[in-house]
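Single-structure report; data block below.
Coordinate-derived values only; no laboratory data. Computed from a predicted structure; not experimentally measured. Cβ: placed from backbone, ideal geometry, glycine included. Neighbour counts: every protein chain shown.
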Amino acid sequence: MIETQWSDARQGLKKAVGAGNYRSWIEPLELENVEDGVATFAVSTAFVANYVAQNFTDQIKHACRRNGLAVDRLRFDARPDRVPARPQPDAAPAEPAKPRDAAGEDGFKPDSRFTFDRFVVGKSNEIAFAAARRVAEGGQVIFNPLFLHGGVGLGKTHLMHAIAHEYRQRHPDKTVLYISAEQFMWRFITALREKKMIELKQLFRSVDVLMVDDVQFLAGKDSTQEEFFHTFNFLVENGKQIIISADRNPVEIADLEDRIRSRLQCGLVVDLHPTDYELRVGILQSKIEYFHGIYPGVSIVPGVVEFLAHRIVSNVRVLEGALTRLFAMGGLVGRQITIEMAKDCLADIFRASDRKVSIDEIQRKVCEHYNIRLSDMTGTKRLRIYARPRQVAMYLCKDLTNRSYPEIGRRFGGRDHTTVMYAVTKVKELMTTDSAIAEDVELLRRALEA
Ligand code: ADP
Ligand code: MG
């Protein structure tokens, strides 16, 4: 009996609240019973319950009364384990939201190799390491967000996983969600398409610790940024810890909304610097221990570690790759790992690592190419014949060196970092529309990398 009354009431509500609201909020409601003027509805999440209560209470009461249900008050029971019984015509059946499993649902299990124990600390990463340790303890949130940035392969993801391990161990009842910015975007897009935004919002907002890796990926993705911003604010306001990583400082991420940029900066921003020689030796030694476990028969002659630490300066991932290769080779041919063997087996890695282009070199080459003077590169002339080469040079500096936007700006006559950012965007764009520029850039790049 109450089923038909509720079903009629819902038809009325469809008109009252509009089709979109109806499908998102009213249709999923299940009327359980009406007792003493209280109508109890089962809903999938607390988030839905709050939203409906705040926005549609009057309309629902009204519709119920018009259809003969004596209702004065509404009650919403959040039942996370509940699968909506009714099939939804043009959407896949909504899955029950299970915030506790949030992390698992993403397929995220912290990589068991990425722990604090196995992170080798040196001058270049000690602050990032200390900050990560502090956040992993939990307790009162003191910096929010923790923003880790640094070049590729310097240990950002490793530290985030380590935080997840440690935090989960200390707080097994809390939810930690790690997600890459890219996954974040795909989840968002999928939820929009499948009309599951509410579940997604609920998922992100129900966590105690949210980690988003590689946020530079969000640059230029406006609606994903918007969603990220709201999630971010919600969690910060509720005292939840957020940890973010990117390959550069928030100021340097172009195409990021200003309010997001400033939000990202308002916690603790720490960078992982390129490794120095001692740290590389330390990392190699610790990894070699690990490899000895896998290839017990392979030994490494003295001097190889120092040799590798000298020759491979780019990043830790490459360093690891080199060791993996050497041990695999050693295992295969049943030999010691010697410097000779390393030279032979890692020639391509050395070549890539040797190429160290400086800003000076880039400026000189670009001047030669466009036939302008070096002083025009750093000077203030705005004519296109100077401005364009300058922009190309800035672009190449960003592309071929590890220098940051502000550093590059300084080397171009003390220009602002935003000028450099603009130049980089501009050249990228020109390269797709102007084949002459694209050729110039490619030629210069090859000349510089040779
Ligand atoms: P990022 O996310 O900054 O690009 P990763 O965290 O993926 O870099 O690190 C790349 C690889 O180098 C991983 O295998 C990681 O374990 C290792 N690594 C990076 N820094 C260190 C370190 N300080 N000690 C031990 N291993 C490290
Ligand atoms: Mg990473």
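Of all DSSP-defined beta bridges confined to the chain, some 15% are antiparallel rather than parallel. In angstrom, the C-alpha Rg and Dmax of the range 2-78 are 11.0, 32.
Given Lys365/Lys426; Lys201/Lys240; Lys156/Lys201; Lys14/Lys61; Lys15/Lys61, which pairs have Cα atoms separated by over 18 Å? Long pairs (Cα-Cα over 18 Å): Lys365/Lys426; Lys156/Lys201. For the pair Asp258 and Thr338 in one chain, pulling the backbone fully straight at 0.36 nm per residue adds 23.6 nm over the alpha carbon distance. Taken along the Cα-to-beta-carbon direction at a fixed 7 Å, the label points for Ala70 and Glu278 span 8.2 nm.
Modelled spin-label separation between Tyr295 and Thr324, with each label point placed 7 Å from Cα along the Cα-to-Cβ direction: 1.3 nm.
The listed peptides 376-385, 225-234, 159-168, ordered by packing as a protection proxy, come out as 159-168, 225-234, 376-385 (highest mean of other Cβ atoms within 10 Å first).
What is the Cα centroid distance between the range 110-149 and the range 407-450, reported in whole angstrom? Value for the Cα centre distance between the two parts: 35 Å. Rounded to the nearest 0.05, what FRET efficiency do Gln285 and Arg134 have when you use their Cβ-Cβ distance and R0 = 35 Å? That gives a FRET efficiency of 0.85. Segment Asn233..His310, full-extension length gain: 23.2 nm, with 0.36 nm per residue of separation and the alpha-carbon distance subtracted.
Annotation: average projected area of the range 116-271 is 8.8 square nanometres, based on the convex hull of Cα atoms across all directions. Across the range 309-425, Cα-Cα pairs farther apart than 21 Å form 51% of the total.
In the chain, the calculated helix contribution to ellipticity at 222 nm averages -17000 deg cm²/dmol per residue, counting -39,500 (n - 2.57) for every DSSP H run with n ≥ 4. A simple spin-label model places pseudo-atoms 7 Å from Cα toward Cβ; at Glu439 and Lys195 they are separated by 5.4 nm.
When all alpha carbon pairs of the chain are counted in 20 Å bins from zero, the resulting P(r) reads 20, 40, 28, 10, 1 %. What's the center-to-center distance, using Cα atoms, between the range 276-335 and the range 151-195 in Å? If you average the Cα positions of each part, the centres end up 30 Å apart. Taking the inverse of the mean 1/r over every pair of distinct Cα atoms in the range 359-449 gives a Kirkwood hydrodynamic radius of 12.7 Å.
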